[in-house]
Every structure is written in C-alpha cells, then in structure tokens.
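The structure under discussion appears below in the form of structure tokens.
The values are calculated or read from the model by the stated rules, or taken from the named source; none is laboratory data. Since this is a predicted model, take the numbers as computed values, not measurements. Here Cβ is always computed from backbone atoms with ideal geometry, including for glycine, and neighbour counts include all displayed protein chains. Calculation scope for accessible area: heavy atoms of the full protein, side chains included, ligands and nucleic acids excluded. Shrake-Rupley method; radii C 1.70, N 1.55, O 1.52, S 1.80 Å.
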Amino acid sequence: MIDYVRKSGTACGLDEATIKWIAMVSMVLDHAALILFKSPFWMRAIGRIAFPLYCFLLVEGFLHTKSRKCYFLSLLLFAFISEVPFDLAVYGTCCFPYCQNVFFELVALLLMLCGLE
C-alpha cells in the first residue's frame, strides 16, 4: 500500500501539515463568507475544499493512531465544545437542534470506520 501522506512529505509535494493549513484557510474563508459577508459564492466555493481534506486526515489519523478510543473521545469532545459557538454564529441562538456542526459528521465517519474494521 502506498502512503500518500507522510510527515516528511510525499511525491505529490504535500505533507500532513500543509493539508491541514489548506483545510483551515479554506474553512475560515467559508465561515467568513457565511457569517460576515452574506455568502459570496467564490468564498463559499473555496470553503468546500475543507471537508474532503478533513475526511482524508481523519482516515489517516484512524489508520495511524495508537488509541482509537482516545481519538474518538477527543473528536466527540471538540464536536460538543464547538456546537454552541457554531449555533450562535450561524443561527443566532445557543441551541439549534435541527443542524449540527460538521464535527458530528466526522464522529459518525469515525464510528463507521470502526464498524467496517
């Protein structure tokens, strides 16, 4: 099996840290477009790069972690911590039960990977 992402770099020229930075910058652009600038299309389009990159990094983390239980718990904890700021920024209320932040989807992906394994 070929490792596409290594800490020291790869044949495609991207390492894990570079992928994380690309995902973070695109996510910030997406959130700024949604919250501050009333959704300019080009900023939201760039922001759509973040989710597939975070999914890729989650799978890499799943494959290389020493403790999947700790990995799951830390992701779930961050999902709950970030829910209130997400709801306040997007919906203007501290609790909006009809839509959660993307980290709950990542938790579901992690559970699915555990189930498939």
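Overview of results
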| read-out | value |
| --- | --- |
| A89 versus K69: modelled label distance in nm, points set 7 Å from Cα along the beta carbon direction | 3.3 |
| Charge-dipole axis of the range 45-117 as Lys and Arg at +1 and Asp and Glu at -1 on Cβ define it, positive-most pick from F78, I49, T65 | T65 |
| For a label point 7 Å along the Cα-to-beta-carbon line of Q100, residues of the range 55-94 with backbone N under 16 Å | 72-88 |
| Å² per residue, accessible surface of the chain at 1.4 Å | 68 |
| Most to least accessible of F103, F62 (protein chains only, probe 1.4 Å) | F103, F62 |
| Estimated [θ] at 222 nm from DSSP helical runs (n ≥ 4, -39500 (n - 2.57)) normalised by residues in the chain, nearest 500 | -23000 deg cm²/dmol |
| Accessible carbon and sulfur surface of the chain relative to its total accessible area, %, 1.4 Å | 72 |
| Environment charge of D30, counting only residues whose C-beta is closer than 11 Å and scoring Lys/Arg +1, Asp/Glu -1 | +2 |
